[in-house]
Each structure stands twice: as structure tokens, then as C-alpha cells.
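The values are calculated or read from the model by the stated rules, or taken from the named source; none is laboratory data. Keep in mind it's a predicted model, so treat the numbers as computed, not measured. Ideal geometry is used to build each Cβ from the backbone, glycine not excepted, and the neighbour counts take in all protein chains shown. Accessible surface is based on the protein model in full, side chains and every heavy atom, while ligands, DNA and RNA are left aside. Shrake-Rupley method; radii C 1.70, N 1.55, O 1.52, S 1.80 Å.
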Amino acid sequence: VQLQASGGGLVQAGGSLRLACAVSGRTFSNYGMAWFRQAPGKEREFVAGIKWGGYSPYYVDSVKGRFTISRYNVKNTVLLQMNCLKPEDTAVYFCAADRDGLVRQVVYEYDYWGQGTLVTVSS
């Protein structure tokens, strides 16, 4: 299984970006999917996740109301729409997959990881 994240870039505060994670493999629909981020000098943190069925998305409090996670099982893709971006959202964003179909907020629970895409929000 391979995950390929894309969509990062430089944006001004208040702007929007949409990240995409393309997943290889025929069992994508069974995976729980999540986005994590890691800012310079900080630990990787959970941002948002969505279960295998596409229901009950979860968000860290700091992005609730601004970010939306969605998945398209037909296209083996999970998206993260990020609106009202803030400088503190600046980080490398990683997508991750859980074979059990769940969403968990700890790094070591995930089985597969993408390479990361850099999001920079200027003030």
C-alpha cells in the first residue's frame, strides 16, 4: 500500500488549500484514514480522521469548523479541505491509513504513511 499526499503550498492567512491523498491498493475502502501534521521542532499531531465508511469524521479542536475531511472510495482518495488558514497551521501534513478501519489519534496506531506535503501560511 502506498499513500501519495499532494496539494500543499504557500497561502496567506485566511486563505484555503485542499490536500489530497491518493492510496494504492484494492482495500482502501476498509481503511480508516487520517491527516497528521508536524510543525518544525514539534511532535507529529493528529488533525482529522474518517472511518472506513466515511462517517463520523473527527477533528482536533484547533481545526474544527475550518477543516473538512472527506473520502471517495471509488477513487481511493481522501481530501482535507482547509479554510480560514492561520499561521499556526504551518506544518508538513501527512496522510495515514489504519487497516482496522478506525480513526485513532496516535501516530503508532497507523500502518501506512504518505511522504508529507508542506503547508505554509503567511501572516
Notebook entry, point to check: Quick check: is even one residue across the range 54-63 open to solvent by 40 Å² or more (accessible area, probe 1.4 Å) and β-branched (V, I, T)?
Noted result: no
Item checked: Where N30 falls short, out of the listed (1) under 23 Å from S123 (Cα atoms); (2) touching a residue at least 60 places away in the same chain (Cβ under 8 Å); (3) open to solvent by 70 Å² or more (accessible area, probe 1.4 Å) -> (1)
Checklist line | Checklist (1) part of a strand (DSSP E or B); (2) more than 12 Å from the chain's Cα centre (by Cα) applied to Q81, failing item | finding: (2)
Item checked: Selected residue (criterion: nearest to Q4 (Cα to Cα)) from residues of the range 111-123 that are part of a loop (DSSP other than H, G, I, E, B) and open to solvent by less than 70 Å² (accessible area, probe 1.4 Å) -> G114
Next item on the list: For K42, state whether it is closer than 22 Å to E88 by Cβ and open to solvent by 40 Å² or more (accessible area, probe 1.4 Å).
Entry: yes
Notebook entry, point to check: Quick check: is even one residue across the range 87-110 open to solvent by 20 Å² or more (accessible area, probe 1.4 Å) and without any contact (Cβ under 8 Å) to a residue 24 or more places away in the chain?
Noted result: yes
Note to self: If C84 satisfies all but one of (1) open to solvent by less than 70 Å² (accessible area, probe 1.4 Å); (2) at pLDDT 95 or above, what's the number of the condition it fails?
What the structure shows: (1)
Next item on the list: Could you tell me whether any residue of the range 24-47 is within 21 Å of D111 (Cβ to Cβ), of a type in the set (K, R) and in contact with a strand residue (DSSP E or B) (Cβ under 9 Å, 6 or more places away or on another chain)?
Entry: yes
Item checked: Given (1) open to solvent by less than 70 Å² (accessible area, probe 1.4 Å); (2) in a loop (DSSP other than H, G, I, E, B), index of the condition G49 fails -> (2)
Check: Is at least one residue of the range 9-24 at pLDDT below 95, over 13 Å from Y93 (Cβ atoms), open to solvent by 30 Å² or more (accessible area, probe 1.4 Å) and not acidic (D, E)?
Finding: yes
Next item on the list: Would you check if there is a residue in the range 90-102 being touching a Pro at 6+ places or on another chain (Cβ under 7 Å) and modelled with pLDDT under 95?
Entry: no
